[in-house]
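Q: The structure under discussion is supplied below as structure tokens; questions concerning it will follow.
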Amino acid sequence: MSDRAIELSRHGDFVRFWTAGTVSLAGTHVTTLALQTVAILTLGASLTETGVLAASRWLPYLLFGLVAGVVVDRRRRLPMLIGTDLARAVVLALIPLTAFTGTLTLPLLFALVAVFGTLSLFHDAAHQSFLPLLVPTARLTEANARLEQSGAVAQGLGPLVGGALVKLIGGPLAILVDAVSYLVSGLVLATVRTREQLPEAPKRDLRAEMREGLRWVYGHEVLRPLALASHTWFLFTAMVTPVFSFLMLNELGFDALDLGITYAIGGVGGVLGASVSSHAGRRFGVGPVIVAARWLTPVAYALVPFATASATGFTLLCAAQFLFWLSATLDGAVEMGYRQTITPARLLGRTSATMRSVNRASLMAGALAGGVLAEWLGIGTALWIAVVGLVGQAVGMTFSAVRHARL
């Protein structure tokens, strides 16, 4: 274990925070795969309906994202983290319950996923804002790298376990695993002892506070192009997600376990990216690392249209997931550490919620567009549109102020 990792491990509340997040993320990736198989294989979802399912998860970010940032900046973050974890456990448990009673339909599944997304919106905004209270500012990038690493491990193992569970016990029961993971996460977070002062908020002008957060993100020389490129990145990567699952399960004849294996290989790439992220940021600078990672994403997804129902095709799909998650986690820690370092504490919630809400709105739009375009124009065409869009965001990032960003 490195000296930096040892130093972080001495912050007991960070370790608890890290543990809770890892447990819930592992369950989340089980459910990500299980939901897709329940929708496609159990409820007979079409490509468009698969896109609607993915969009339902992110719709709350579009509707309530900016409000969530204001709410988080007005309140203590830890109680919100605990409460949303416990509530998410209940919502997810309703999916297997309705499945076993024969009342689960696609519209009900969409609605439950949307409620889950609303709770996740508030949890995510509070999560990113709470971390700076747990570790010194100089260790934020390393702390984010640890979170990215565990997230990548969860991303790898979760779908693999999920694929096996779906094959053994079915999708609904596999989702129950995630419900338990959120319960455990909430209980672990309840042991965090860091004292958190209630933020001072002399004004209660919701619109003014929302505008202040927007001005900070979109008025900053580096945050503005970073945010705009990120929105574009999420839009076009989301186009691939429902198409990728449908391609494997319906078009190429692979099963849920095979799909889980591709995600597990992606997790390996994620661990590698998160492991080198903070070192690369110190060695080359935050900006160059982010730009390099943004170029790697279109390279990854350009492999998917060439996949066939063969061992070679399966290898291409695994390589695509590996490179995608390598790119996603390579810049994740340095980008988050940069944002948390330069943003005033009173604006952390709004900065996080603003970027995440628009990013997630982009995910929603991309998921819908991916499903619709794949059904209208064909899977291959939809995938190439996504790749071209990702090249565009990489070009924009390359010639922006982001490339000069340093801590």
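The values are calculated or read from the model by the stated rules, or taken from the named source; none is laboratory data. What you see is a predicted model, and the numbers here were worked out from it, not measured in a lab. Heads up, the Cβs are rebuilt from the backbone with ideal geometry, glycines too, and the neighbour counts pull from every protein chain shown. Calculation scope for accessible area: heavy atoms of the full protein, side chains included, ligands and nucleic acids excluded. Shrake-Rupley method; radii C 1.70, N 1.55, O 1.52, S 1.80 Å.
Q: Each label point is 7 Å from the Cα along the Cα-to-Cβ direction; what then is the distance between the points at Val372 and Thr101, in nm?
A: For Val372 paired with Thr101, the spin-label model returns 3.4 nm.
Q: Moving on. Say each of Leu173 and Thr381 gets a label point 7 Å from the Cα, pointing the same way as Cα to Cβ; how far apart are those two points in nm?
A: Those two pseudo-labels are separated by 4.3 nm.
Q: Same structure, new question: Please give me the summed charge of the neighbours of Leu272: other residues whose Cβ is under 15 Å from its Cβ, Lys and Arg +1, Asp and Glu -1.
A: Net charge around Leu272: -1.
Q: Got a number for carbon plus sulfur as a percent of the chain's accessible area, 1.4 Å probe?
A: 67
Q: Out of Ala382, Ala309, Ala367, any idea which swings most in a Gaussian network model of the chain, alpha carbons joined below 10 Å?
A: Of Ala382, Ala309, Ala367, the most mobile in the Gaussian network model is Ala309.
Q: Taking GluC sites (Glu not before Pro) as candidate sites, keep only those in a DSSP loop with at most 14 other Cβ atoms within 10 Å, then name the longest stretch of the chain containing none of them.
A: The segment 1-195 is the longest one with no such site.
Q: Further question: Under Stokes-Einstein, with the Kirkwood radius over Cα pairs standing in for Rh, what whole-number D in µm²/s applies to segment 65-151 at 4 °C and 1.567 mPa s?
A: Approximately 87 µm²/s, per Stokes-Einstein.
Q: While we're on this one: For the charge dipole of the chain, defined by +1 on Lys and Arg C-beta atoms and -1 on Asp and Glu C-beta atoms about the Cα centroid, which residue among Gly371, Val15, Ser310 has the Cα displaced farthest towards the positive pole?
A: Projecting each Cα onto the dipole axis, the largest value belongs to Val15.
Q: Now a separate question. Over 42 Å apart: what share of the alpha carbon pairs of the chain falls there, rounded to a whole percent?
A: Everything past 42 Å amounts to 7 percent.
Q: So which helices of the chain fit the span-like rule, where a helix is a whole DSSP H run, its Cα atoms reach 30 Å or more along the axis, and its mean Kyte-Doolittle is at least 0.0?
A: Passing helices, by number: 12-37, 47-74, 77-100, 106-130, 140-169, 223-246, 256-284, 348-377.
Q: Quick one: the Cα spread of segment 1-138 along its three principal axes, in angstroms, biggest first?
A: If we take the Cα atoms of segment 1-138, the spans are 51, 36, 26 Å.
Q: What chymotrypsin sites (Phe, Trp or Tyr not before Pro) in segment 367-402 are in a loop by DSSP, with at most 11 other Cβ atoms within 10 Å of the Cβ?
A: Phe399
Q: List the relative contact order of the chain as a percent without decimals, with contacts defined as Cα pairs under 8 Å and 6+ residues apart.
A: For the chain, the relative contact order is 30 percent.
Q: Here's another thing I want to ask about it. Given q = 0.30, 0.31 Å⁻¹, what are the Debye log10 I(q)/I(0) values for segment 356-407, with equal point scatterers placed on the Cα positions and solvent ignored?
A: So the normalised log intensities work out to -1.05, -1.07.
Q: Å³ per residue of the Cα convex hull, for segment 214-283?
A: Each residue corresponds to 115 Å³ of Cα convex hull volume.
Q: Follow-up. Mind grabbing the accessible area of Trp295 for me, 1.4 Å probe, Å², rounded to tens?
A: 100
Q: So how much slack lies between Trp295 and Thr398, counting 0.36 nm per residue of separation and subtracting their Cα-Cα distance, in nm?
A: Using 0.36 nm per residue and subtracting the Cα-Cα distance, I get 36.2 nm.
Q: Most mobile of Gly396, Gly171, Gly371 per a Gaussian network model of the chain (Cα springs, under 10 Å)?
A: Gly396
Q: Using Cα pairs under 8 angstrom and six or more residues apart, how large is the relative contact order of segment 245-355, in percent?
A: 36
Q: Now, a different point. Taking only protein heavy atoms into account and a 1.4 Å probe, give the accessible area per residue of the chain in Å².
A: That works out to 39 Å² per residue.
Q: For the chain, with a Gaussian network of springs between Cα atoms less than 10 Å apart, report the residue from Ala264, Ala125, Ala345 with the top mean-square fluctuation.
A: Between Ala264, Ala125, Ala345, it is Ala345 that shows the largest mean-square fluctuation.
Q: For Ile82, Ile175, write out the residues from largest to smallest accessible area, computed with a 1.4 angstrom probe and no ligands counted.
A: Descending order: Ile82, Ile175.
Q: Follow-up question, since we're still on this one. At 222 nm, what value in deg cm²/dmol follows for the chain if DSSP H runs of at least 4 each add -39500 (n - 2.57) and the sum is divided by all its residues, to the nearest 500?
A: That calculation yields -27500 deg cm²/dmol at 222 nm.
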